[in-house]
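The next block holds one structure in the form of structure tokens; read it before the comments.
Readers should treat all values here as calculations from the given coordinates under stated rules, not as data from a laboratory. Please read all numbers here as calculations on a predicted model, not as lab measurements. With ideal geometry, Cβ positions are generated from the backbone for all residues, glycine too; neighbour counts draw on all protein chains shown.
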Amino acid sequence: MDRDIKGIIKDENPVNHWGFLDVKDRVVLDLGCGINSEFIPTPYYFIVERNAKKVIGVDSNEQSYQWFKQNFNVQNFIPFKDMVDRYEKFEFYFDYFKPDVVKMDVEGSEIYMNAFNNKLFDNVEEIAIEYHSFPCLIAIEGKLKENNYKLEYYKFEHLDLEHQGVLFAYKTHFKNQEFKRC
């Protein structure tokens with residue numbers, strides 16, 4: 001399969017790592033939103049710098065959860081401490097919050113997307129997934145194509161694309177001639 005690389009990701013800075021997502025005035029489901037001591041957290045980036053309407057942040061790390069509760073208590077951010085490690089949990093967050101945009105960095109659990117009911121993708125216009133193995137990549141590619149997403153690939157500077165990278169998918173009816181990436 002031909003996987004054209006659209007960009008290189010050099011670090012964990014959300015500007016470089018997730019900057020292609022169009023979150024302005026949209027509901028974002030941020031799966032794997034943990035804090036990073038070097039860069040701003042993705043919920044902050046999406047809300048403060050990119051004007052997301054609302055961000056639902058999910059991470060299993062207690063330290064991250066407490067940091068958000070103490071330092072980022074804004075009305076349009078909803079934090080959850082949860083390990084998204086089976087498809088029923090993914091389905092809950094997708095179905096309950098009906099996000100427009102999904103950012104996913106769940107350390108291999110993205111493979112559970114293969115079991116999703118296709119209706120869960122009805123509201124999701126864009127989805128970016130950091131995948132962590134070739135089987136995960138194959139599973140999520142198939143599911144996203146099945147749901148009529150166009151796929152783009154972002155490579156980490158020093159890793160093989162088939163080992164780990166970011167798969168960005170969007171519905172073609174959403175994008176238009178005037179859309180510009182950051």
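Miscellaneous remarks
- For the options 157, 141, 125, a Gaussian network treatment of the chain with springs between C-alpha atoms closer than 10 Å singles out 157 as fluctuating the most.
- Taking a point 7 Å out from the Cα of residue 61 in the direction of its Cβ, the residues of the range 83-125 whose backbone N falls within less than 13 Å of it are 105-107.
- Gaussian network model of the chain, springs between alpha carbon atoms under 10 Å - residue of 160, 59, 85 with greatest fluctuation: 160
- Computed E for residue 134/residue 74 - FRET, C-beta separation, R0 41 angstrom, nearest 0.05: 0.60
- With Cα atoms, 0 to 90° folded angle of helix 134-146 axis to the chain main axis: 80 degrees
- Cα-based helix-to-principal-axis angle, 87-97 vs the chain, degrees rounded to 10: 70 degrees
- In terms of other Cβ atoms within 10 Å, 33, 136 run from fewest to most in the order 136, 33.
- The residues 30, 22, when put in order of fewest to most other Cβ atoms within 10 Å, stand as 22, 30.
- For the listed residue pairs 143/171; 24/89; 54/103; 53/171; 89/119; 98/119, the alpha carbons are over 22 angstrom apart in 24/89.
- Overall dimensions of the range 5-171, expressed as equivalent-ellipsoid semi-axes from the Cα gyration tensor (√(5λ), whole Å, largest first), are 22, 18, 15.
- Between residue 95 and residue 158, the C-beta separation translates, for a Förster distance of 45 Å, into a calculated FRET efficiency of about 0.75.
- Angle between the chain longest axis and helix 62-71 axis [Cα atoms, degrees, rounded to 10]: 60 degrees
- Within a Gaussian network of the chain (alpha carbon springs, distance under 10 Å), most fluctuating of 146, 107, 88: 146
- Percent of beta bridges antiparallel (DSSP, the chain, rounded to nearest 5): 40 percent
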